[in-house]
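Every number here is computed from the coordinates shown, using simple stated rules; none is lab data. This one's a predicted model, so the numbers in the text were calculated from it and none came from an experiment. All Cβ positions, glycine included, derive from the backbone under ideal geometry; neighbour counts span all protein chains shown.
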Amino acid sequence: MDQTTVLVADDELNIRKVLAALLEKHGYRVITCADGNQVIDVLKTQPVNVVVTDLKMPGQDGMKVLEWTRRNLPRVPVIIITAHGTVDNAVQAVKAGAFDYVTKPYERDELLATIAKAAATERLARRDFRPGPEEAGRFRIIGQTPQMLKIYEIIEKVADTPSTVLITGESGTGKELIAAALHHNSSRRDKPFIRINCAAIPRELVESELFG
C-alpha cells in the first residue's frame, strides 16, 4: 500500500515538530510548512493525500489554504486546527469544505482518528475503477447484483422528482456515490453538487445551517 502523505502547516515550529513526529510514528510521510504560501507551493508540485493546517498563519491563512485546495484539488481533504476555536470559525470552515475542524489543545487519539478517516476518504475518491459499460451502467457505479439493480431502479425513479431524499447506510457503503448519481441524473445537474460534513457542524447549529 502506498504511504499516505500528510502536509502539516503551522507557524509554530514546536507544533510542526510534534505533529510530524506523531504522524511519522504512525506510518505517515509528513511534509511541514510554516505558512499558507508554502502550503500552496507544495500542493502545486507534490502529491499530498491530507492537509492539516492551522487557521491563523502569516501570508495565506488556513481558510485561504482550504479555499485554494477545494478549488484546485477537491479530492484532498483539509483538516483545520486552531487555538481560535469558536463556533463561527467552525461553521465557516465547514461551509468552505473542511473535512473536519479540531481545536487546540487536541486529543492525540482524536486527531489521529480524524486524519485516518480523511486519508481513507481520499483513497476512495482517487481510486480509479475504470469500469466497463456493462459494470457501470448509467451511474458509473460497479455492481450488477439484484440489490444494486434495485438501487439503480430507485435512482431512475427519484432523480428528477422534487422530493427530498434521505440516503442511509454504514460508512463506506457508497452513500455519496448514490447522492451524486441522483444529482447528475436530475434536471438540477447544471447546479453545484455540494458536499457537507455534518459531523463537523456543531450540534446546536445543524438545523439552522442545513434548513435555514
Cut-off 13 Å, label 7 Å out along Cα→Cβ of LYS191, residues of region 145-181 by amide N: 160-165
Summed side-chain charge close to ILE15 - residues other than ILE15 whose Cβ falls under 14 Å, Lys, Arg +1, Asp, Glu -1: 0
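Summing Lys, Arg as +1 and Asp, Glu as -1, what charge do residues with Cβ under 14 Å from the Cβ of THR53 carry, THR53 excluded?
Values: positive: ARG16, LYS56, LYS64, ARG70, LYS104; negative: ASP10, ASP11, GLU12, ASP35, ASP41, ASP54, ASP61, GLU67, ASP100.
Summing Lys/Arg as +1 and Asp/Glu as -1 gives -4.
Relative contact order (percent) for region 5-127, with alpha-carbon contacts under 8 angstrom and 6 or more residues of separation? Write out the running numbers ahead of the final one.
Numbers: 199 pairs, mean separation 27.4, N = 123.
Relative contact order, region 5-127: 22 percent.
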Angle between the chain longest axis and helix 175-184 axis [Cα atoms, degrees, rounded to 10]: 60
Proximal lysines to LYS56, defined as alpha-carbon separation beneath 26 angstrom and excluding residues fewer than eight positions away on the same chain: LYS17, LYS44, LYS64, LYS95, LYS104, LYS117
Sorted by Cβ neighbour density within 10 Å, fewest at the top, the residues LYS17, LYS150: LYS150, LYS17
√(5λ) per eigenvalue of the Cα gyration tensor, region 5-127, largest first, Å: 17, 17, 15
For TYR106, TYR28, order by how many other beta-carbon atoms lie within 10 Å, fewest first: TYR106, TYR28
The chain: relative contact order in percent, alpha carbon pairs under 8 Å with at least 6 residues between: 15
Taking only Cα atoms of the chain, radius of gyration then Dmax in Å: 18.9, 56
Crossing angle, helix 108-126 versus the chain [Cα axis fit, 0-90 degrees, rounded to tens]: 50
Region 23-38 - phi-based ³J(HN,Hα) in whole Hz, Karplus 6.51/-1.76/1.60, Gly and Pro as x: 5, 5, 4, 9, x, 8, 8, 10, 10, 10, 9, 9, 7, x, 4, 5
Candidate lysines - alpha carbon under 21 Å from LYS150, same-chain residues fewer than 8 apart omitted: LYS175
Per-residue Cβ neighbour rank within 10 angstrom, fewest leading, ILE80, ILE155: ILE155, ILE80
Table column - 3J(HN,Hα) (Hz), region 60-69, Karplus curve with 6.51, -1.76, 1.60, x for Gly and Pro: 6, 7, x, 5, 5, 4, 4, 4, 5, 5
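If we count every other residue with Cβ under 13 angstrom of PRO202's Cβ, Lys/Arg +1 and Asp/Glu -1, where does the sum land?
Working: positive: LYS95, ARG203; negative: ASP88, ASP100, GLU204, GLU207, GLU209.
Residues close to PRO202 contribute a combined charge of -3.
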5 angstrom amide H check on VAL8, placed H, neighbours 5+ away: ILE31, THR32, CYS33, VAL52
Longest exposed-site-free window of the chain, the sites being GluC sites (Glu not before Pro) in a DSSP loop that have at most 14 other C-beta atoms within 10 Å: 13-106
